[in-house]
Amino acid sequence: MIEFEIVGEKEKVVVKLSGELGLPSIAPIRKELQKLTKEHPRELTFDLSKTLSVDSNGIELLISTKKSFVLFGGKVKISGASDEIKGLFEVLGMTKDFIFEENPIKSN
């Protein structure tokens, strides 16, 4: 199960994910990300600092969201990913597809 929170302003948005990003929990996140994509923010950061695991469905969600944002000139970052999650991206040859930041986003 994953919990999520979307914070930020129109130009920069952070999606904080806590728990396991996988098939059982993706539908509500996908719905909110589709709404967000229509607003065309310039930058979206997925804060994975509290994400325990990501399955293939979670990876697909991140990729499809990135593709939607890039169409409108936006960029997508991943912040605070664990070594395990970064390793998954490396195995899949996807580290070049995202901007990775070491430090998680700090809340105001």
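The values are calculated or read from the model by the stated rules, or taken from the named source; none is laboratory data. From a predicted model like this one, the values you see are computed outputs, not experimental measurements. Note that we place each Cβ from the backbone using ideal geometry, even for glycine, and neighbour counts take in every protein chain shown.
Yes/no matrix, rows are residues, columns are (1) assigned to a helix (DSSP H, G or I); (2) within 17 Å of Gly87 (Cα to Cα):
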position	(1), (2)
Glu20	no, yes
Lys35	yes, no
Leu52	no, yes
Asn57	yes, yes
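Which number in (1) in a helix (DSSP H, G or I); (2) loosely packed, with under 14 Cβ neighbours inside 10 Å; (3) modelled with pLDDT under 90 marks the one condition that Ser25 misses?
Checking Ser25 against (1) in a helix (DSSP H, G or I); (2) loosely packed, with under 14 Cβ neighbours inside 10 Å; (3) modelled with pLDDT under 90, the one that fails is (2).
Among the residues of the range 40-51, write down those that are over 15 Å from Ile78 (Cβ atoms) and surrounded by 14 or more Cβ atoms within 10 Å (Cβ to Cβ).
Hits for the range 40-51 are His40, Pro41.
So, Thr37, is that one free of Cβ contacts under 8 Å to residues at least 60 places away in the same chain, buried (at least 18 other Cβ atoms within 10 Å of the Cβ) and more than 23 Å from Asn103 (Cβ to Cβ) or not?
Yes, satisfied.
To keep it simple, each residue is scored yes or no on (1) over 16 Å from Leu88 (Cβ atoms); (2) not hydrophobic (A, V, I, L, M, F, W, C).
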site: Pro28; (1), (2): yes, yes
site: Glu32; (1), (2): yes, yes
site: Lys35; (1), (2): yes, yes
site: Glu39; (1), (2): yes, yes
site: Leu44; (1), (2): yes, no
site: Gly58; (1), (2): no, yes
site: Leu71; (1), (2): yes, no
site: Lys75; (1), (2): yes, yes
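Please determine whether any residue of the range 59-75 is within 12 Å of the chain's Cα centre (by Cα), assigned to a strand (DSSP E or B) and under 12 Å from Phe100 (Cα atoms).
Yes, because at least one residue in the range 59-75 is within 12 Å of the chain's Cα centre (by Cα), assigned to a strand (DSSP E or B) and under 12 Å from Phe100 (Cα atoms).
Being surrounded by fewer than 18 Cβ atoms within 10 Å (Cβ to Cβ) and in contact with a His (Cβ under 7 Å, 6 or more places away or on another chain) is true for just one of Phe72, Phe100. Which residue is that?
After applying the criteria, what remains is Phe72.
Tell me whether the range 85-99 contains one or more residues that are outside any loop (DSSP other than H, G, I, E, B) and within 18 Å of Met1 (Cβ to Cβ).
Yes, some residue in the range 85-99 is outside any loop (DSSP other than H, G, I, E, B) and within 18 Å of Met1 (Cβ to Cβ).
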